[in-house]
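The values are calculated or read from the model by the stated rules, or taken from the named source; none is laboratory data. Because the structure is predicted, anything quoted here is derived from the model rather than measured. Note: ideal-geometry Cβ built from the backbone for every residue, glycine included; neighbour counts use all protein chains shown.
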Amino acid sequence: MKIKNTFLFASRAANLLPKLVSVSTTLFALLVSLAAQAETISVNFVGGGFFNGAPAPLSPTESAGVNPATHWNNLADNSALSSPGPGSGSAKNLLDDSGAATTAGISWVSDNTWSTPSIATDPNSRMMRGYLDNGSGDAITLTVSGLTYPAYDVYVYFSDDNTDPVNGTTGAYTLGSRTIYGRDPGAYYSGAFVQASGTSATDSNANGNYLVFSGVTGPSFTLTAALISFRAPVNALQIVNAPPQPPQITITPSVTISWPSNSGDFVLQASSSLGSDAIWSPVDVPLVVRGTNITATVEGTLRNRFFRLTRDSIIGI
């Protein structure tokens, strides 16, 4: 599913008190049109080993994850229970949550695969049972390429078979210039997802079983998982398209429209009417970058005027 973004909003001339403003525009309506829900690419490292067995891969219709999604890509499947299990591999044309093939691909290098002895059979428990492992102490490296999302969030799931409640399993997970510490405090996944956000190995916020790198941009990224204590497993990944936020409108004698600068190449257009026969023209005003937003200021008029931000293709009105 390809998201098509068109943000439509309008101003209407209003008879406000002269004491307030002499010429003004007021917000009439705001319509945010998104052709589909945010796309998600989900990767399940099935894992497994001779000691704890292997979970069954997720079926296309099974939903799992903090961002519930179907059509998981089942990789690193060690159902054959070889020892220590295949630790490296690659895959192309990963499926998104609609089942459509994408241009994204992934490669990974780890020491081996492994699993927990959990016997729960629900999709989330199976997804959290098998994992890429640091059995020889080496960092796990995963590279994803071919992404087309302007911006996205990367969810990393971790849980292993260490039951030490004192030391637990602690890993340093790095994507780009950001490192988040995650600690599995000696318990198998038991039905609840807990976000880890540790800034150090001893930070209490490191406790959890998944972590999130938000606002990632670019067609590729590399994730490393380096063990601090015992292991730094990677059970699964989700790459969630982060669609742009609706534009913000400031009402004064002029109208100021702003939208996130990392949301892609939008074009601001205006029309005096709505409908299939509406004529949309580019708005010729300067675009100014303020912080993380792009802003455009349009002088108010005493007539109706409709605006839209559009990108890729236009959604019918």
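Here are the numbers for the structure shown:
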item	result
Qualifying residues in segment 108-122 (those that are in a loop (DSSP other than H, G, I, E, B) and aliphatic (A, V, I, L, M)) - the one surrounded by the fewest Cβ atoms within 10 Å (Cβ to Cβ)	ILE119
Selection from segment 73-113 of residues that are among the polar types (S, T, N, Q) and more than 21 Å from ALA139 (Cβ to Cβ)	ASN73, ASN74, SER79, SER82, SER83, ASN93, SER98, THR102, THR103
Residue in segment 274-289 that is part of a loop (DSSP other than H, G, I, E, B), modelled with pLDDT under 85 and surrounded by 13 or more Cβ atoms within 10 Å (Cβ to Cβ) present	yes
In segment 123-139, the residues that are crowded, with 24+ Cβ neighbours inside 10 Å and either free of Cβ contacts under 8 Å to residues at least 12 places away in the same chain or part of a loop (DSSP other than H, G, I, E, B) (or both)	MET128, ARG129, ASN134
Options GLY171, GLY146, GLY215, GLY186; residue that is under 22 Å from LEU95 (Cα atoms) and in contact with a Pro (Cβ under 8 Å, 6 or more places away or on another chain)	GLY146
Test: residue in segment 228-235 that is basic (Lys, Arg), part of a strand (DSSP E or B) and at pLDDT 80 or above	no
Flag if GLY87 is more than 26 Å from the chain's Cα centre (by Cα), modelled with pLDDT of 55 or more, buried (at least 17 other Cβ atoms within 10 Å of the Cβ) and under 16 Å from ASP133 (Cα atoms)	no
Subset of segment 170-197 (residues that are charged (D, E, K, R) and surrounded by 18 or more Cβ atoms within 10 Å (Cβ to Cβ))	ARG183, ASP184
Enumeration of residues in segment 173-190 that are at positive phi and over 22 Å from the mean Cα position of the chain (by Cα)	GLY186
